[in-house]
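Enquirer: Below is one structure. I have some questions about it.
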Ligand SMILES: [Zn+2]
């Protein structure tokens, strides 16, 4: 049985849904239950923009087994317009050409499979804008 | 106003393999394939790209042009012969990613390369019937040809998405038509990895019979002739067939060249003629009439006549244009990298 987590996380994984604190306005991704800024428990759902830039990155040469066929690949922190940061693979660009400040767009991609007979897990990766 | 296209979008991988590279491995003549098929290179999906991911990006572009929200979509149909799951719809994943769930009709379509246009026709029908306000029809594929087979030189990856509606129409659908018989020109049985085809048989009694039958049928039904169209686009299993059928029907190169993507893209199966149509809509002018005829083995063709409205100019620049993506940055793969991407190498299971 696929992880219940995956199904629960579909809104944030597929649609980049974040939570904005109604009290202090901070946007949290992944969504939070309690605002670390003001301890409020009241949030509204907002969709993150898909455009941003690379804040920092590393190149993975020996990856976990799910990603063994993809090495070497770049994994980075992307800051989206509006300031929210998230971690994503940076693809569709040779890893040596990735740079800090590079404009990127988040695109819907397959992240991994839960084995040959399991479910396919989707999410977002960063591609050159 | 009749229902029509309110937004369109296309997507394809940035990876390519050249005909020369495939021919080199199999000891075949690249020149003969390039000349015979009129194809130079084809798109290749990366391991993280499948019909669902291509569909989502194409559909997001269509939403931008339509200027509507995902939640406004009342039906989502993905036509493909490479749905990622044998059992489990592609459309649920696509609709979820667009935010169209939960109030959304959905089922996947299959009819070789015609599955996408059937989805578009059903989407138009639901809108015309007043059952939904907007409906999404997508043609998407990441198709495989058997190694060394002629199909390996063309089978490629891409998607085009169309949002149909009655408000904000950019290309009104004036007529639809379908022409279909039971013809075994191309098939794949359950548990077989690669499709089989009837070789030369696929030309005359299959592609040409149905595409010509559909094109002449819809022109007769609508009282139109080739000169009434600014553009036409036909299914593109290679670069030759659509050019030949266009000439036979009496169309001129300036009518069919804009939509002919196969020489640089390959055959994107369900995405093929819908992607060609997207390249036409990218440049079409208000008042332009477009003839669109698909083809799917098995066999059948769907025909559409669209007429562009004044609004088309306002939305063309709202998302990437198909020829810009096609001719934009590309990464060329060796045959070895290509078969790794396509999962054609037998690997040990994880942990072994
Ligand atoms: Zn707060």
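Enquirer: Pick from B:315, B:339: which is within 14 Å of another protein chain (Cβ to nearest Cβ), touching a residue at least 60 places away in the same chain (Cβ under 8 Å) and in a helix (DSSP H, G or I)?
Expert: None of the other options fit; the residue is B:339.
Enquirer: Might you let me know whether segment B:322-336 holds any residue that is in the same structural domain as residue B:61 (by TED's automatic domain parsing), touching a strand residue (DSSP E or B) at 6+ places or on another chain (Cβ under 6 Å) and part of a loop (DSSP other than H, G, I, E, B)?
Expert: Checking segment B:322-336: at least one residue is in the same structural domain as residue B:61 (by TED's automatic domain parsing), touching a strand residue (DSSP E or B) at 6+ places or on another chain (Cβ under 6 Å) and part of a loop (DSSP other than H, G, I, E, B).
Enquirer: I need the full set of residues from segment B:31-61 which are in contact with a strand residue (DSSP E or B) (Cβ under 8 Å, 6 or more places away or on another chain), more than 9 Å from chain A (Cβ to nearest Cβ) and without any contact (Cβ under 8 Å) to a residue 60 or more places away in the chain, in order please.
Expert: Result: no residue meets the conditions.
Enquirer: Let me ask something else. Name the residue that is nearest to the ligand (Cβ to nearest atom), counting only residues in segment A:5-29 that are within 14 Å of chain B (Cβ to nearest Cβ) and part of a strand (DSSP E or B).
Expert: Checking each candidate, the answer is A:18.
Enquirer: Could you list, in sequence order, all residues of segment B:206-245 that are assigned to a loop (DSSP other than H, G, I, E, B) and closer than 19 Å to residue B:290 by Cβ?
Expert: B:223, B:224, B:225, B:229, B:230, B:235, B:236, listed by residue number.
Enquirer: Quick one: which of A:117, A:68 is at pLDDT below 95, in a loop (DSSP other than H, G, I, E, B) and not assigned by TED's automatic domain parsing to the domain that holds residue A:10?
Expert: A:117
Enquirer: Restricting the search to segment A:50-72, which residues are buried (at least 19 other Cβ atoms within 10 Å of the Cβ) and either touching a helix residue (DSSP H, G or I) at 6+ places or on another chain (Cβ under 6 Å) or farther than 22 Å from residue B:97 by Cβ (or both)?
Expert: Within segment A:50-72, A:54, A:57 qualify.
Enquirer: Go through segment A:35-56 residue by residue and tally those that are away from chain B (no Cβ under 14 Å) and either under 12 Å from residue A:78 (Cα atoms) or more than 9 Å from the ligand (Cβ to nearest atom) (or both).
Expert: Total meeting the criteria: 7.
Enquirer: While we're on this one: Taking the criterion of being more than 18 Å from the chain's Cα centre (by Cα), outside any helix (DSSP H, G or I) and surrounded by fewer than 18 Cβ atoms within 10 Å (Cβ to Cβ), would at least one residue in segment B:163-171 satisfy it?
Expert: Scanning segment B:163-171 turns up at least one residue that is more than 18 Å from the chain's Cα centre (by Cα), outside any helix (DSSP H, G or I) and surrounded by fewer than 18 Cβ atoms within 10 Å (Cβ to Cβ).
Enquirer: Can you confirm whether residue A:115 is under 28 Å from residue B:92 (Cα atoms) and within 14 Å of chain B (Cβ to nearest Cβ)?
Expert: Yes, satisfied.
The values are calculated or read from the model by the stated rules, or taken from the named source; none is laboratory data. Here the structure is a predicted model, which means the values were calculated and not measured. In this analysis, Cβ positions are derived from the backbone assuming ideal geometry, glycine residues included, and neighbour counts consider all displayed protein chains.
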